[in-house]
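Taking it in order: structure first as structure tokens, then the write-up.
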Amino acid sequence: MENQKICSFYISEFHLLTILLPYINEKILEQKKVAVILQKDITKNVTSYLENVRNLNLNNEKIIEIGWNKTEQTKLNKNLEGKEVIVIGDKEYIEEINSIVERKYNVSEILNCYKVSDIERIDKVLENHDKVLKTEGKIDVKNFSQNAQKRRTIKTQI
């Protein structure tokens, strides 16, 4: 099984959860196992988000059960085999976790979530990923690039 690498970019944790929770809910509905690996604990924010945002039809109980606690890289002892893996942290943390996951486990998807203020160049991050997760869903990296945007803009002006 080949890993599909997906990335996502967010401004705040609320923005991250707006992108991420519908994606996770979709995986739950497909009966896929999801593991979240975090640089910092966001349990309170996830709980608060689920309590306050009511117009999304999410499986709150199963989303909370995933676990939103901080995961030490050196203590990465979760069984990730066959799971959809989501990594949230700064660039260095994400790279280290990806290295461990790719060496030790057979997973179908790795979703890396980057805070925009923590990265210098989005294009460098995109080079190492197949797709980008946005609020609308997953799109191919080539459709996310500035060149693709320029091509679409030019086509609409002709």
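Miscellaneous remarks
- Ordering of 109-116, 48-55, 87-94 by packing is 109-116, 87-94, 48-55, highest average first (other Cβ atoms within 10 Å, averaged per residue).
- Using C-alpha pairs below 8 Å separated by at least 6 residues, the relative contact order for the chain is 35 percent.
- Size of charge dipole - the chain - debye, nearest 20, with Cβ of Lys, Arg +1 and Asp, Glu -1, no other charges: 420 debye
- Highest mean first, the peptides 56-65, 130-139 sorted by other C-beta atoms within 10 Å per residue fall in the order 130-139, 56-65.
- For the chain, the longest principal axis of the alpha carbon atoms and the long axis of helix 91-104 meet at an angle near 70°.
- Here's how it looks for I37: its modeled amide H is under 5 Å from those of I86, V87, I88, which are all 5 or more places away or on a different chain.
- The angle between the Cα long axis of helix 43-52 and the longest principal axis of the Cα atoms of the chain comes to about 70 degrees, rounded to the nearest 10.
- With a cut-off of 13 Å between beta carbons, the residues surrounding I28 carry a summed charge of 0, where Lys and Arg count +1 and Asp and Glu -1.
- For the chain, the antiparallel share of DSSP beta bridges with both residues in that region comes to about 15%.
- Options I122, N59, S108, ranked by Cα towards positive dipole end of the chain, top entry (Cβ charges): I122
- With Cα atoms, 0 to 90° folded angle of helix 146-157 axis to the chain main axis: 50 degrees
- Inter-site label distance for E51 and L76 at 7 Å from Cα along Cβ, in nm: 3.3 nm
- Across the range 121-132, coupling constants 3J(HN,Hα) worked out from phi with the 6.51/-1.76/1.60 Karplus curve, θ = phi - 60°, read 9, 5, 4, 5, 5, 4, 4, 9, 10, 8, 9, 10 Hz, and Gly and Pro carry x.
Every read-out reported here was derived from the displayed coordinates using simple, explicitly stated rules and does not represent laboratory data. All of these numbers come straight from a predicted model, not from anything done at the bench. FYI the Cβ positions are ideal-geometry reconstructions off the backbone, even for glycines, and counts take in every protein chain you see.
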